[in-house]
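**Student:** Here it is, the structure in full.
The values are calculated or read from the model by the stated rules, or taken from the named source; none is laboratory data. Just so we're clear, the structure is a prediction, and the values are computed from it rather than from any experiment. Note that each Cβ is placed from the backbone with ideal geometry, even for glycine, and that neighbours are counted across all protein chains shown. For accessibility, only protein heavy atoms count, side chains too; no ligands or nucleic acids. Shrake-Rupley method; radii C 1.70, N 1.55, O 1.52, S 1.80 Å.
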Amino acid sequence: MSRIQEWAYDHGWPQALPDRLGQVMWVLAHEADLDADFLAIYHIDLREQEVDAPRYFALAHRLSAFQGVMAARVEEENDERPQSSSTPTRTQTAAPTGRGTSEATEVSLTQFRASFPGLVSVAQGG
């Protein structure tokens, strides 16, 4: 076995490669949506500006944190997946101190922003 092969096996590349390939293929499958979000959120026109691959994938990975097309796509995919029984969807709180219920429901950031526009803002870097 060559030194490169040893290094790759020692660092877990054979196990990590399918996951990483899936991430890259997902990004490439949503290229037009990413292009729209890059322009709207980062103010980067990918047709006019060149972005190196590490920066492109790092920025693309973070787009779901902003309110845009990719956040909607991620939410759609999450809604289509069956909920795991080990992942709680509701949280029990302490006994009520007044009127109302003691149950709290978890919502995504996108849903929260839609319900309470202007309450949460996101700083955009230049």
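**Student:** What distance in nm separates the simple spin-label points at Leu39 and Trp26, each placed 7 Å from Cα in the Cβ direction?
**Tutor:** Output for this residue pair reads 2.5 nm.
**Student:** Taking the Cα centre of the stretch 24-68 as origin and charging only Cβ (+1 Lys, Arg; -1 Asp, Glu), how large is the dipole, in debye to the nearest 20? Walk me through the numbers on the way to the answer.
**Tutor:** Numbers: 3 positive and 8 negative charges, 40 e Å.
In debye, rounded to 20, the stretch 24-68 gives about 200.
**Student:** At most 11 other Cβ atoms within 10 Å and a DSSP loop assignment: could you name the trypsin sites (Lys or Arg not before Pro) in the stretch 27-76 that fit?
**Tutor:** On the way: sites: Arg47, Arg55, Arg62, Arg73; in loops: Arg47.
Listed in order of number, the matching sites are Arg47.
**Student:** Calculate the tail of P(r) for the stretch 1-78: the fraction of all Cα-Cα distances greater than 18 Å, expressed in %. Show your work: numbers first, answer last.
**Tutor:** Numbers: 1486 of 3003 pairs.
Cα-Cα pairs of the stretch 1-78 separated by over 18 Å account for 49 percent.
**Student:** Just to verify a number: what accessible area does His11 come out at with the full protein assembly present, 1.4 Å probe, Å² rounded to tens?
**Tutor:** Surface open to solvent at His11 totals about 110 Å².
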